[in-house]
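Asker: One structure, pasted below without further comment.
The values are calculated or read from the model by the stated rules, or taken from the named source; none is laboratory data. Since the structure is predicted, the reported quantities are computational estimates derived from the model, not experimental observations. With ideal geometry, Cβ positions are generated from the backbone for all residues, glycine too; neighbour counts draw on all protein chains shown.
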Amino acid sequence: MTAQRRLGIVTLVIMLGLAAWSWRILRQGASDESSVRQTPTARAPASNLPKALAVHTQARGPIPADPTNRFADDARAVALGERLFLDESFSASGTVSCATCHDPDRAFTDGQRVARGEGMGTRNTPTILGAARRRWFTWDGRADTIWSQAAEPIEQPTEHAFDRTRFAVAIRDDPGVRRLWEAACGALPAALDAVPKGLAARPALADGGEGDAMAQSWAQLSAEQRAAIDLVFSASMKALGAFQRTLDMPLSAFDRWADAVGQGTVSMDDETAGGIITPAARRGWLLFAGKANCIQCHGGREFTDGEFHNLGLPGPDGRLGGDPGRRGAIARLKTDPFSSAGVFSDDPDGAEARLVRSLKDDPETWGQFRTPSLRGVALTAPYMHDGRFATLPEVIAFYDTLEGAIALDHHREAVLQPLGLTAPERDDLEAFLRALSPERLPGVLESAR
Ligand code: HEC
Ligand code: HEC
């Protein structure tokens, strides 16, 4: 073979290869529109996107107004609330503050399975970030406003184990806090002056038993003193609420990707997700919104339907039991003086209050818990109302196999089905959940610490 012929054959082979290659590209282009839509100029109007994704291309609204709290957006109340949030003197031992469990350095959680304050609790500490966006508070929804939620931990024996009387007197007697309080809420009521320092007094707790010394002391205070204490206590809770309203859960890389898709700068079908989130996170989103159908409950802008569901998680004895969840929470909410419909509300006849009055206590709610938002979920381990799962892969394994779950009888919702995911699919779901982490956490409280 001459050198010339050899060159000719090589050239032919190369040309054939090139032709075959371009043919494949062309065919791919025809059969799979993705390669066309991937061009940055192709604009995908948000209306053509699947609904699950379209939701995330809309601007995220601000934290909703709270007419039940007249201090909700007052900067002076925020300053007072921040101070109260960090103050350990409002606890039986003088060592527990809200930040003990809602630690700003841990995305406002504690990293514990269940909360530990003055005693051991039974529930996992949720984050405060973005909490003001919720309609119901705590895992069972027994509070309906973020400010009223704060009243309970102060007097809970396992949390602050404190009482509203010592709380109000501490504000009266600490010149620094008192100055903040009076700037935000006006002069302290005069009837507080004669309340003895150190007197521990509060109404009987919802689940309180006999021989409650603090409840007996409360009954011995005059009506004016009780009213003054309640006023200081409830206004302080509203200041705590105002502060917590400033702690939103920031947006994530996922939101940036959804934005880019909504604006047509990145195609929804671009497997690289424009480099904004990882390919695995994008695949995880498709599973989340598709085959795994997590959006059935974790749908919407905040990845929660805001409602209560029973996942059939077994109690400590392996049977459905232990924590009744939503069951009972409604009755407590309806009689809570701190609810939006209660005497301390600044909007006792508003929409929120009417909603509370219309709630029906239904035995079917037994074992239901609030669907948590999944924003920032990678930062808030462990998981579920009782912190039973230490890691995200454990949570995903539960949904995948429903191993250990109790089959719920027919009149309860039976929405969860085992998913049968492959190992890479589980990893993709996890990558998606991680893409919901805020890109920066609110820098907190250096001034107040
Ligand atoms: C001992 C730990 C502990 C302390 C102290 C504590 N919390 Fe909590 N917090 C929890 C736990 C646990 C829950 C969930 C309770 C439940 O579901 O029953 C919770 C729930 C909340 C929620 C509801 C969040 C949501 O998403 O529904 C808010 C708001 C909150 N706490 C604010 C406060 C404030 C304000 C203080 C201080 C006055 C405080 N907490 C003190 C452990 C604590
Ligand atoms: C039927 C409604 C429903 C569906 C479907 C659902 N979840 Fe949940 N999810 C919940 C509820 C309710 C909880 C809280 C349960 C509890 O604490 O007992 C929860 C808790 C979680 C948690 C723990 C969050 C935390 O802060 O502790 C994660 C993570 C989670 N779900 C992810 C998923 C994923 C991923 C899917 C899809 C595979 C999914 N969920 C499907 C309702 C649902």
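Asker: Quick check, is residue 313 within 16 Å of ligand 1 (Cβ to nearest atom) and either at pLDDT 95 or above or more than 24 Å from residue 146 (Cα to Cα) (or both)?
Answerer: In short, yes.
Asker: A follow-up question, please. Give the residue that is farthest from ligand 2 (Cβ to nearest atom), with candidates limited to residues of region 67-89 that are acidic (Asp, Glu) and closer than 20 Å to residue 250 by Cα.
Answerer: 73
Asker: Checking residue 155 against (1) farther than 21 Å from residue 122 by Cα; (2) in contact with a Leu (Cβ under 9 Å, 6 or more places away or on another chain); (3) charged (D, E, K, R), which test does it fail?
Answerer: (1)
Asker: Further, regarding this structure: Among the residues of region 254-268, is there at least one that is in contact (Cβ under 8 Å) with a residue 24 or more places away in the chain, touching a Leu at 6+ places or on another chain (Cβ under 6 Å) and closer than 25 Å to residue 388 by Cα?
Answerer: Checked region 254-268: no residue is in contact (Cβ under 8 Å) with a residue 24 or more places away in the chain, touching a Leu at 6+ places or on another chain (Cβ under 6 Å) and closer than 25 Å to residue 388 by Cα.
Asker: Can you name the condition, by its number, that residue 185 falls short on among (1) touching a residue at least 40 places away in the same chain (Cβ under 8 Å); (2) buried (at least 17 other Cβ atoms within 10 Å of the Cβ); (3) not assigned by TED's automatic domain parsing to the domain that holds residue 108?
Answerer: Tallying (1) touching a residue at least 40 places away in the same chain (Cβ under 8 Å); (2) buried (at least 17 other Cβ atoms within 10 Å of the Cβ); (3) not assigned by TED's automatic domain parsing to the domain that holds residue 108, residue 185 fails exactly one: (3).
Asker: Please work out which one of (1) away from ligand 2 (no atom under 16 Å from the Cβ); (2) surrounded by fewer than 20 Cβ atoms within 10 Å (Cβ to Cβ); (3) outside any helix (DSSP H, G or I); (4) modelled with pLDDT under 95 is the condition residue 105 fails and give its number.
Answerer: Unmet condition: (3).
Asker: Can you find a residue in region 283-296 that is buried (at least 17 other Cβ atoms within 10 Å of the Cβ), hydrophobic (A, V, I, L, M, F, W, C) and at pLDDT below 95?
Answerer: No: region 283-296 contains no residue that is buried (at least 17 other Cβ atoms within 10 Å of the Cβ), hydrophobic (A, V, I, L, M, F, W, C) and at pLDDT below 95.
Asker: Among the candidates 191, 258, single out the residue that is modelled with pLDDT of 95 or more, in the same structural domain as residue 150 (by TED's automatic domain parsing) and small (Gly, Ala, Ser).
Answerer: 191
Asker: Take the residues in region 393-449 that are modelled with pLDDT under 95 and among the basic types (Lys, Arg); name whichever of them is farthest from residue 105 (Cα to Cα).
Answerer: Only one residue tops the list, namely 412.
Asker: Has region 373-381 got at least one residue that is assigned to a helix (DSSP H, G or I), among the small types (Gly, Ala, Ser) and near ligand 2 (Cβ under 10 Å from one of its atoms)?
Answerer: yes
Asker: Within the bounds of region 282-293, is there any residue that is within 23 Å of residue 141 (Cβ to Cβ), free of Cβ contacts under 8 Å to residues at least 60 places away in the same chain, in the same structural domain as residue 401 (by TED's automatic domain parsing) and small (Gly, Ala, Ser)?
Answerer: No, that holds for no residue.
Asker: Which residue out of 308, 338, 303 is within 16 Å of ligand 1 (Cβ to nearest atom), in contact (Cβ under 8 Å) with a residue 24 or more places away in the chain, within 23 Å of residue 131 (Cβ to Cβ) and not assigned by TED's automatic domain parsing to the domain that holds residue 419?
Answerer: Criteria check complete, one pass: 338.
Asker: Sticking with this one: Given the condition hydroxyl-bearing (Ser, Thr, Tyr), surrounded by fewer than 20 Cβ atoms within 10 Å (Cβ to Cβ) and outside the structural domain of residue 138 (by TED's automatic domain parsing), answer yes or no: does some residue in region 216-225 qualify?
Answerer: No: region 216-225 contains no residue that is hydroxyl-bearing (Ser, Thr, Tyr), surrounded by fewer than 20 Cβ atoms within 10 Å (Cβ to Cβ) and outside the structural domain of residue 138 (by TED's automatic domain parsing).
Asker: Restricting the search to region 148-168, which residues are within 17 Å of residue 231 (Cα to Cα) and either of a type in the set (D, E, K, R) or touching a Pro at 6+ places or on another chain (Cβ under 8 Å) (or both)?
Answerer: The answer is 152, 155, 163, 164, 166.
Asker: Any residue in region 112-135 that is at pLDDT below 95 sitting within a Cβ distance under 8 Å of a residue that is more than 7 Å from ligand 1 (Cβ to nearest atom) and not in a loop (DSSP other than H, G, I, E, B)? List the pairs, counting only those 6 or more apart or interchain.
Answerer: Close Cβ pairs (under 8 Å, with a partner that is more than 7 Å from ligand 1 (Cβ to nearest atom) and not in a loop (DSSP other than H, G, I, E, B)) amount to 114/120.
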